[in-house]
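We did not get these values from a lab; they are worked out from the coordinates using the rules stated. Just so it is clear, the structure is predicted and the values come from calculations on it, not from any experiment. Heads up, the Cβs are rebuilt from the backbone with ideal geometry, glycines too, and the neighbour counts pull from every protein chain shown.
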Amino acid sequence: MKEHLFPLFPDGRRGVSIAAKLSLMIIAGVGAIFLAIVFYGYSTSRAVLEEEFSARMENLGNAAESKFRQIPRVAEAVTRDLVSVLTFFNPPPGKIPEMMKVLLESHPEVSGLSIGFSKQAGDPLLRNFCPIVFRRGGAILYQDLAQELDWTVQDWYQLPLQMGKPLWTEPFFGDDGSGAMMVNYSVPVYDSSWRYLASVGASLELNWLADIISAMEVGGRGYVFLVTSNGAFVSHPRRELLMRETLFTVAEMENRPDLIPLGHSMIGGETGVHSLYDPLRGRLLVFFRPVGDMGWSLGIVFPEEEVLDDIILLRRVQTFLGLGGTFALLLMVFFISGRISGPIRRLKDATQRLSSGDLNAPLPPISGRDEVALLTVSFASMRENLLLYVERLKNETAARERIASELDIARSIQMSLVPRTFPPFPKDGRIDLFARLEPAREVGGDFYDFFRTDEDHLMLVVGDVSGKGIPAALFMAVTRSFVKAIAAASGGCPSPAELMAAVNDQIVEGNEACMFVTLSFVLVDLRDGSFRYAGGGHPFPRLFGSEGAASLPPVKGPLVGAMGGMFFEEGSGKLKEGEGLFLFTDGVTEAFDADEALLSEDVMDRWLSEMRSLGSEALVSEMRRRISGFAGEAEQSDDITLLCFRYRGSETRTPQAD
Amino acid sequence: MFEMKIAVESWGRDVSLTGRLDAGSAPDFEKEAIAAVDAAGESVHFVLDFTNLEYISSAGLRSILVLAKRLAPSGGKVVLCGMSGVVEEVIGVSGFDSFLPVAGSRGDALRIVGAV
């Protein structure tokens, strides 16, 4: 994976690949849309399912309700019949038990009948009479309760008396030992003079409740419960709650506060759905509605997850599909962006190698005609150009180096030929001599020389060889050797003009390259300052002294080495003590300034006049300084040679110490 | 900087030089002049018109010398004309006028090569 690691950017941070960026953005977008769809689908389908649940429960409740009403109505009818018999026929007390037995026999739904007469009844026979009939073991038994207890404190007697209307009592466990749950319907009865005659009751076993409830097909883990008008359980799968606990007591005992609002809704006779949390069974949905005339309320409970089974399943499927889809999309995006960014990455790798200097690094093959292909093509042409450029640069550099090294060699030959020890004749107090050769960068060929031909004669030589480089340097060496050799051969006091003619002839011999040299010779007699001179195509020396500076009178003489058999004129003059001679090459007078203006001989002569009182070394340095100042930024185009000789007079002075 | 025009005449080549004939331009001049000599194949004269020449250096002188030496064996001449100023001075100082014919005017030059 190393080649997938992005290199550091110049700011030191690592980059992110296009593939990663694209994938991240697409996944973020798709994920958000997916979540929104799941959430919307879940919430709407949940609402639909809850409505559907509510409707189903209502149907269930309605079916139960109609059954629920039937049996109590039987009890009510029987009770009313008994009341009618009592009030219309006014039967003697002895007949009453028989009547009650007959009635009970013809109504199998009713488990017992009872009449509790008032202790203030008009008929004294009735004042301590409480006949009851009830079923036991298939037979119908009769009992006068008055013999056993005080019936007037019991609910079924007391409540109708107090309320003045028929009513259902709270359920209770029957005392017949069967443990069956019972409920009484009690009706108040008044005699013709509107005195309280009796409370007439019918008792029902509530086992039919169980039948009705078990007949309700709630399905799954759902169950049904029934509470009375004060919230007491009369039906519940947890039998220990029956008759003993109410919704409110359970709420307190089991710390389930959400049962309290449910209880209030149920005993208030409302219909609706509540959501509950049962620590044992999780979230529950409770549908409730009133049933019958007894003020009771039916509750149907379902675990929420069962109600919402479908939607949970749907949500799971959706989530699974969504995640799977997202993953597939991720793979696809990686694949696609890899296809797109792959060529870019390969190009990046190639250009990285390119930028590190490996110009021969192969570029990725060009496929297609898109932007990347175009970029690759551009890079390829850039690399071609770079290679060409580098090649050309290499060649040029090599050529330049070759020329430079040749020039270096020429320069070292040139500089090794000219004497550079000053003062040259420290023991001879008559001589004050200084010279300087300043080679140009390319053109060259200047040289100077000075030597004593004997004790009292000093030869000054300045020359300028045409051409440049090693040929010019060698030509210069040859010229200098000829000058020295011929001067030596001609004795202590050669004639400059004859010497130049001899040198000319020697050089012309075998000068295939047509090179030539300009020369200026001056031979000074150190005893009296007199001198003779000759010139071969060279600017004439200047004589300077207290009166200024001036050129020596021109004498004829052509370039040396161009043509054999030439004649050179000779001139002569005399230096007074302190006067001097200034020899130079055309590099001085033809120095250019930045505007390509020539320095000219006039300017040089004026400068020389201004410096006439300086010693030779100071004069040469000052002249050099002024030439540099004149040239300014302009490159020195030719060698510059300056030679100054000042005559200090005949040997009247003390020679300088060595 | 430097320009040369070579006109072919019956007697040889009429060459007009403009600008500076120095170390930079001399090799070109030499090459073209020698090429002209080789192309002529027979005895030719050269008239070099310096009227528009601003400057001539030692390298320029050498290239003219090469041309003159090249023509000498076959009897060809190099005639200079139209010199003034620095150029005239250089030719004088170098002594070129002592081994090459120098004409005061163009007409004189043409007379020397026998064109008129």
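Hydrophobic long helices, here whole DSSP H runs in chain A with Kyte-Doolittle means of at least -0.5 and Cα atoms spread over 15 Å or more along the helix axis, are found at A:18-84, A:309-355, A:371-417, A:469-489, A:496-508, A:616-631. Neighbours of A:F89, meaning other residues whose beta-carbon lies under 15 angstrom from its beta-carbon, give a summed charge of -2 when Lys and Arg score +1 and Asp and Glu score -1. The value of relative contact order for chain A, using C-alpha pairs under 8 Å at least six residues apart, is 9 percent. Remark on B:F2: its backbone amide H falls under 5 Å from those of B:R20, a criterion applied only to residues 5 or more positions apart or on other chains, H modelled at 1.01 Å from N. Applying a DSSP loop filter and a limit of 14 other Cβ atoms within 10 Å to the trypsin sites (Lys or Arg not before Pro) in segment A:255-357 leaves A:R281. Provide the FRET efficiency to the nearest 0.05 for the A:A485-A:M25 pair, computing r from the beta carbons and using R0 = 60 Å. With R0 = 60 Å, the Cβ-Cβ based efficiency is 0.05. With R₀ set to 30 Å, the beta-carbon distance separating A:F327 from A:D370 gives a calculated FRET efficiency near 0.55. Positive-end ranking of A:S275, A:V307, A:H264 along the dipole of segment A:218-307, with charges on Cβ about the Cα centre, is headed by A:V307. By the count of neighbouring beta-carbon atoms within 10 Å, fewest first, A:F88, A:F630 end up ordered A:F88, A:F630.
Distance between the 7 Å Cα→Cβ label points at B:I34 and A:I18: 6.1 nm. Once both labels are positioned 7 Å from their Cα atoms along Cα-to-Cβ, the gap between B:K69 and A:D278 label points is 12.9 nm.
Placing +1 on the Cβ of every Lys and Arg and -1 on the Cβ of every Asp and Glu, with no other charges, gives segment A:1-143 a dipole of roughly 360 debye about its Cα centre. Checking the cross-link pairs A:K67/A:K165; A:K484/A:K574; A:K468/A:K574; A:K556/B:K5; A:K468/B:K77; A:K394/A:K468 against a 31 Å limit on the alpha carbon distance flags A:K468/A:K574; A:K556/B:K5 as lying beyond it.
Mean residue ellipticity, 222 nm, helices only, chain B: the sum of -39500 (n - 2.57) across DSSP H runs of n ≥ 4, divided by residue count and rounded to 500, is -12000 deg cm²/dmol. Candidates A:L519, A:F568, A:G545 compared by Cα position along the dipole of segment A:504-586: farthest toward the positive end lies A:G545, with charges placed on Cβ. For segment B:6-115, the residue among B:G104, B:A72, B:V87 whose Cα projects farthest onto the positive side of the dipole built from Cβ charges is B:A72. Relative contact order for chain B: 26 percent, from Cα pairs under 8 Å spaced at least 6 residues apart, divided by residue count. Report the FRET efficiency, 1/(1 + (r/R0)^6), for A:R625 and A:D595, where r is their Cβ-Cβ distance and R0 is 22 Å, rounded to 0.05. Computed FRET efficiency for A:R625 and A:D595 comes out at 0.65. Residues A:W607, A:W168 in ascending order of nearby Cβ atoms (within 10 Å, fewest first): A:W607, A:W168.
Annotation for segment A:250-302: GluC sites (Glu not before Pro) lying in DSSP loop with at most 14 further Cβ atoms inside 10 Å of their Cβ are A:E254, A:E270. Multiplying the residue separation of A:R256 and A:R392 by 0.36 nm and subtracting their alpha-carbon distance yields 39.6 nm. Using Cβ point charges alone (K and R +1, D and E -1), the dipole size of the protein assembly as shown about the Cα centre works out to roughly 1960 debye. Placing unit charges on the Cβ atoms only, positive for Lys and Arg and negative for Asp and Glu, gives segment A:218-307 a dipole magnitude near 180 debye about its Cα centre. Calculated on C-alpha atoms, the gyration radius of the protein assembly as shown divided by its Kirkwood radius gives an Rg/Rh of 1.75. The distance between label points at A:A36 and A:S192 comes to 8.6 nm (points 7 Å beyond Cα on the Cα→Cβ vector). Between A:S355 and A:A47, residue separation times 0.36 nm minus the direct Cα-Cα distance comes to 104.4 nm.
By the beta-carbon count within 10 Å of each Cβ, the least crowded to most crowded order of A:F53, A:F540, fewest first, is A:F53, A:F540.
The mean number of partner chain beta-carbon atoms within 10 angstrom of a residue's beta-carbon across peptide A:511-520 is 3. Taking every residue in B:86-97 and counting other chain Cβ atoms within 10 Å of its Cβ, the average works out to 5.
Each principal axis of the Cα cloud of segment B:9-65 was evaluated for its coordinate range; sorted largest first, these ranges are 30, 20, 14 Å. Loop-located trypsin sites (Lys or Arg not before Pro) in segment A:448-528 (DSSP state other than H, G, I, E, B) with a sparse environment of at most 15 neighbouring Cβ atoms within 10 Å: A:R527.
Segment A:144-215 and segment A:396-440 have Cα centres lying 149 Å from one another.
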